[in-house]
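Here's the structure, in structure tokens; my notes come after.
All of the numbers you see were taken from the coordinates with simple rules; none came from a lab. Since the structure is predicted, the reported quantities are computational estimates derived from the model, not experimental observations. Glycine also receives a Cβ, built like all others from the backbone with ideal geometry; neighbour counts cover every protein chain displayed.
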Amino acid sequence: MAQGLIEVERKFVPGPGTEERLQELGGTLERRVTFRDSYYDTPELSLMRADYWLRQREGSGWELKCSRAASVSGPHTEYVELTAEPAVVAQLCEVLRAEVPGAGGVAAVLGPLGLKEVASFVTKRSAWKVVLHGADEEEPPLRVDLDAADFGYAVGEVEALVQEEAEVPAALEKIHSLSSMLGEGDRPFCASLAPLLGVPAGPVSGEGLEAISVRGIILAIF
């Protein structure tokens with residue numbers, strides 16, 4: 001797999017006072033944005049079952065979110081995000097056990113790999129950054145995203161990006177510290193999807209496909 005930054009994150013259900021609490025902690029609102037995400041998979045949901053997530057974000061291009069074995073146990077997830085199209089195509093072919101095509105971007109391989117859109121929705125996001133008290137000036141801030149989807153689901157995420165696996169434990173400590181200050185430290189967070197899907201073997205279509213796909217994305221990606 002082509003390497004990228006390691007994304008270490010914990011999810012939570014935000015409350016009406018979450019933004020106020022972020023302000024009290026010195027958080028800075030970076031932006032409020034609205035965007036549409038479309039997710040692609042095979043009829044058998046082969047990518048989701050393997051905890052891989054192919055997304056096209058309106059105005060931002062393609063991204064493949066790839067699960068990795070957590071280096072530290074706990075209620076968090078670790079992913080590597082690929083955005084360079086050659087790397088995305090190569091990883092898709094590896095996961096789906098297909099030959100890598102000679103040329104072409106992600107859109108060109110959707111058909112040959114049997115990938116089609118399985119879910120699409122609009123999200124309103126407020127993006128925050130928070131520097132913990134006592135943190136080194138050169139230390140990157142933690143990121144907090146508060147998302148509300150157009151089908152009524154809301155979720156928050158505390159995230160740190162690290163370059164090496166050795167940095168994950170320290171990142172987790174900071175994430176847990178901020179989570180506790182937000183009042184979320186002892187509440188169960190969203191877990192990884194793969195063991196929870198319960199998808200029957202074989203192709204899924206129609207309303208069943210939409211329900212499974214959206215549920216999976218909520219659990220594992222949001």
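Fully extending the segment from Glu173 to Glu138 would add 10.9 nm, taking 0.36 nm per residue of separation and subtracting the current Cα-Cα distance. Rounded to 0.05, the FRET efficiency of the Ser60 and Glu164 pair, given R0 = 25 Å and the Cβ-Cβ distance, is 0.45. Inter-label distance, Thr28 to Met181: 1.5 nm, where each label sits 7 Å from its Cα along the C-beta direction. Close amide-amide hydrogen proximity is noted between Leu132 and Leu142, each under 5 Å apart and 5 or more residues distant or on a separate chain (H modeled in the peptide plane; Pro and chain starts excluded). With a simple spin-label model that places each label point 7 Å from the Cα along the Cα-to-Cβ direction, the separation between Arg125 and Ala98 comes to 2.6 nm. Of the GluC sites (Glu not before Pro) found in region 95-153, those that fall in a DSSP loop while having at most 12 other beta-carbon atoms within 10 Å are Glu99, Glu137, Glu138. Inter-label distance, Phe151 to Val13: 1.8 nm, where each label sits 7 Å from its Cα along the C-beta direction. The phi-based Karplus calculation (6.51 cos²θ - 1.76 cosθ + 1.60; θ = phi - 60°) puts the 3J(HN,Hα) values of region 93-110 at 5, 5, 5, 8, 6, 10, 6, 6, x, x, 7, x, x, 4, 4, 6, 9, 4 Hz, whole numbers, x for Gly and Pro.
Efficiency by 1/(1 + (r/R0)^6): what FRET value for Arg21 and Arg68, r their Cβ-Cβ distance, R0 = 25 Å, to the nearest 0.05? Write down the numbers at each step before the final one.
Values: r = 31 Å, r/R0 = 1.23.
The pair Arg21/Arg68 has a calculated efficiency of 0.25.
If you take every residue apart from Thr34 with its C-beta less than 9 Å away from the C-beta of Thr34, what net charge results, scoring Lys and Arg +1 and Asp and Glu -1? Local net charge: +4. Working note: Karplus 6.51/-1.76/1.60 with θ = phi - 60° gives region 38-43 the couplings 10, 10, 10, 7, 7, x Hz, where Gly and Pro are set to x.
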